[in-house]
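Comments concern the structure below.
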Amino acid sequence: MANTEPLLLKVDRLSMAFSGLLAVDDVSFNAYNKNITAIIGPNGAGKTTVFNCLTGFYRPLSGIMLLYHGEKRFDLQRMKDFRIAQKAKVARTFQNIRLFPNMSVLENLVVAQHNALMRASWFTVGGLMGFRSYKNKEKEVIELAKYWLTRTDLVEYADLPAGNLSYGAQRKLEITRAMCMEPVLLCLDEPAAGLNPAESSDLCELLLFIKENHRVGILLIEHDMSVVMGISDYIVVLDYGKKIAEGPPESIRENPAVIAAYLGEEE
Amino acid sequence: MEYFIQQLINGLTLGAIYGLIAIGYSMVYGIIGMINFAHGEIFMIGAFISLIVVLLLNSFGLSWLPAVLIIVLVMAMVFTSLYGLAIERIAYRPLRKSFRLAPLISAIGMSIFLQNYMQLLQGARVKPLQPMITGGFTLIDDGDYTVVLSFLQIIIIITTTIIVILFSFIIYKTQLGREQRACAQDRVMAELVGINVDTTISVTFIIGAALASVAGFLYLLYYGVVDFFIGFLVGIKAFTAAVLGGIGSLPGALLGGLLIGLIEVFWSAYFSIEYKDVAAFSILVLVLIFRPTGLLGRPEIEKV
């Protein structure tokens, strides 16, 4: 079913090395709009490194990463820092939560909608003078934040500092914030880590909701196989930086190379 | 009692000036974790630019006081901001990814450079300004001591209040301010939500420099003299104020400024005027020993 949607991300022969050690070795895969593409593999397989290349933390050794939206094409490997988020609209979350802990939940969501607000406020000058365009935009921004807060049941915490939320709520808020950027590609780095079963089924529901209702492709790194097998449309398996398998969940479950990588090879 | 009230007024006035400068130290520390030791020189440059603009306006024959005050204030803020921007670009941005001490040393170098630059440009002699605002209210007059609240002191306190309210509004209520706070809390994540961190840091320096230039202008009005070296002592006192209030906290910086102003004035009034600087800097030492986070600062929590 995967390929009825347009191609969103094409990673082609991506390699990344740290002082001579290849952390990602010649990895290619595609991700499609409105699809959940999971990247799995044992610890140290290079999954997060792929994310770090996509979001501009690392400049890859070689390979290309192309992001398509509509007519436009972005060469992610050539883009720098904030532009990847701002122009190419790639959002990500982290293994260890990175919210702005001293800002309120709502402010965390508003600050993520940087572009819209800054332009509407004429870089603050207009906003200070109370221009109507800015006020309207601000209303829209808060509406969007409210929409996602309702969706994730966080609306009652809107005015609390984000750092005071429970662990599970912070995880959800991170995804909420990423969605407030209205991304085309959402990269989630172990969103289910540390969640209890109820919270993690909540998370699956949220991800499925995002996939059904928004034009966004999701890249998912996850160790929790029930999550991965339950919601992903396509799985890419990495081991020691190399891609060892890819395909829909059913085929990955049976794949001998994957089983060997996870459980060790038989004598 | 009358004497006390008079000193209180004087202390608050001086404290307002320190507070304005201290905010600049605190903001820059909050966002890039560095003490901008050239900030005192920014203040000095602000004072010089104010003096130049005042003299220019006078030579054009403009002498209607409110107009002069506003024009000077705006011009000083604009030009001093450009200095702030340039300093960040030249001396700090190239070193941002370097080790922690590098920008600090660069800042000290910048401070020395700016002092000498101003000395070469404007000469080493003290530059006076004729008092522009004279007179005041006599609050209490009991025969042998009169308590005077001068118009100048009123202007200083009102200007400071307005400026502080305006900039607090920017920082706590606008998107620009939210972005600054986001950068202060997690620069990497700020970048990932699409905030241009470099621009945000530049804006912080611009705001800090603008506030320092206001302080420079008020200082010029209050004392009537400037020279290329005023930035050093006033800068370090404002830094003390920022530490006392809790570095990184803006209300703290203002509070610290007021306290340092009061301490300095009361010390001069009741003990000895020669040792007023010693009093101010003893506070710095005591705060660093007993309460390093300052009055309103939050302790840094190390996360594992």
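Structure above, values below:
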{"quantity": "Failed item, numbered, when residue A:45 is tested on (1) within 14 Å of another protein chain (Cβ to nearest Cβ); (2) under 20 Å from residue A:238 (Cα atoms); (3) aliphatic (A, V, I, L, M); (4) more than 13 Å from the chain's Cα centre (by Cα)", "calculated": "(1)"}
{"quantity": "Members of segment A:13-37 found to be within 24 Å of residue A:184 (Cα to Cα) and surrounded by fewer than 15 Cβ atoms within 10 Å (Cβ to Cβ), listed by number", "calculated": "A:13, A:28"}
{"quantity": "Meets criteria (surrounded by fewer than 17 Cβ atoms within 10 Å (Cβ to Cβ) and at negative phi) for residue B:172", "calculated": "yes"}
{"quantity": "Single condition residue B:201 does not satisfy, out of (1) modelled with pLDDT of 90 or more; (2) in contact with a Pro (Cβ under 8 Å, 6 or more places away or on another chain)", "calculated": "(2)"}
{"quantity": "Any hit, segment B:20-35, residues being in contact with a Lys or Arg (Cβ under 9 Å, 6 or more places away or on another chain), surrounded by fewer than 22 Cβ atoms within 10 Å (Cβ to Cβ) and not aliphatic (A, V, I, L, M)", "calculated": "yes"}
{"quantity": "Test result for residue A:172, among the charged types (D, E, K, R), in contact with a Leu (Cβ under 7 Å, 6 or more places away or on another chain) and at pLDDT 90 or above", "calculated": "yes"}
{"quantity": "Those residues of segment B:177-222 which are within 11 Å of chain A (Cβ to nearest Cβ), among the aliphatic types (A, V, I, L, M) and part of a helix (DSSP H, G or I), in sequence order", "calculated": "B:182, B:184, B:188, B:189, B:190, B:192, B:197, B:203, B:207"}
{"quantity": "Residue within segment B:128-145 that is free of Cβ contacts under 8 Å to residues at least 60 places away in the same chain, exposed (fewer than 13 other Cβ atoms within 10 Å of the Cβ) and within 14 Å of chain A (Cβ to nearest Cβ) present", "calculated": "no"}
{"quantity": "Failed item, numbered, when residue B:156 is tested on (1) at the interface with chain A (Cβ under 8 Å from one of its Cβ atoms); (2) modelled with pLDDT of 90 or more", "calculated": "(1)"}
{"quantity": "Residue satisfying condition, being over 15 Å from the mean Cα position of the chain (by Cα), crowded, with 17+ Cβ neighbours inside 10 Å and of a type in the set (Asp, Glu), within set B:41, B:2, B:88", "calculated": "B:88"}
{"quantity": "Flag if residue A:102 is in a helix (DSSP H, G or I), in contact (Cβ under 8 Å) with a residue 12 or more places away in the chain and within 14 Å of chain B (Cβ to nearest Cβ)", "calculated": "no"}
{"quantity": "Every residue from segment A:78-98 that is at the interface with chain B (Cβ under 8 Å from one of its Cβ atoms), in contact with a Gly (Cβ under 9 Å, 6 or more places away or on another chain) and outside any helix (DSSP H, G or I)", "calculated": "A:91"}
{"quantity": "Yes/no for residue B:292 being surrounded by fewer than 23 Cβ atoms within 10 Å (Cβ to Cβ), at negative phi and not in a helix (DSSP H, G or I)", "calculated": "yes"}
{"quantity": "The listed residue being in contact (Cβ under 8 Å) with a residue 40 or more places away in the chain, touching a Leu at 6+ places or on another chain (Cβ under 9 Å), surrounded by 23 or more Cβ atoms within 10 Å (Cβ to Cβ) and farther than 30 Å from residue A:88 by Cα, out of B:211, B:259", "calculated": "B:211"}
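Table: residues versus (1) modelled with pLDDT under 90; (2) under 30 Å from residue B:55 (Cβ atoms).
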| residue | (1), (2) |
| --- | --- |
| B:99 | yes, no |
| B:107 | no, no |
| B:111 | no, yes |
| B:121 | no, yes |
| B:137 | yes, yes |
| B:145 | yes, no |
| B:167 | yes, yes |
| B:175 | yes, no |
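Per-residue answers, yes or no, for (1) closer than 30 Å to residue B:166 by Cβ; (2) assigned by TED's automatic domain parsing to the domain that holds residue A:47; (3) at pLDDT 85 or above:
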residue: A:69; (1), (2), (3): no, yes, no
residue: A:73; (1), (2), (3): no, yes, yes
residue: A:80; (1), (2), (3): no, yes, no
residue: A:100; (1), (2), (3): yes, no, yes
residue: A:108; (1), (2), (3): yes, no, yes
residue: A:119; (1), (2), (3): yes, no, no
residue: A:123; (1), (2), (3): yes, no, no
residue: A:127; (1), (2), (3): yes, no, no
residue: A:137; (1), (2), (3): yes, no, no
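Listed here are the residues, each with its yes/no results for (1) buried (at least 21 other Cβ atoms within 10 Å of the Cβ); (2) among the acidic types (Asp, Glu).
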{"site": "A:148", "(1), (2)": "yes, no"}
{"site": "A:151", "(1), (2)": "no, no"}
{"site": "A:160", "(1), (2)": "no, no"}
{"site": "A:169", "(1), (2)": "no, no"}
{"site": "A:173", "(1), (2)": "yes, no"}
{"site": "A:177", "(1), (2)": "yes, no"}
{"site": "A:182", "(1), (2)": "no, yes"}
{"site": "A:191", "(1), (2)": "yes, no"}
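The values are calculated or read from the model by the stated rules, or taken from the named source; none is laboratory data. All figures in this text were calculated on a predicted structure; none of them were measured in a lab. When we count neighbours, we look across all protein chains shown, and the Cβ atoms used for this are built from the backbone with ideal geometry, even at glycine.
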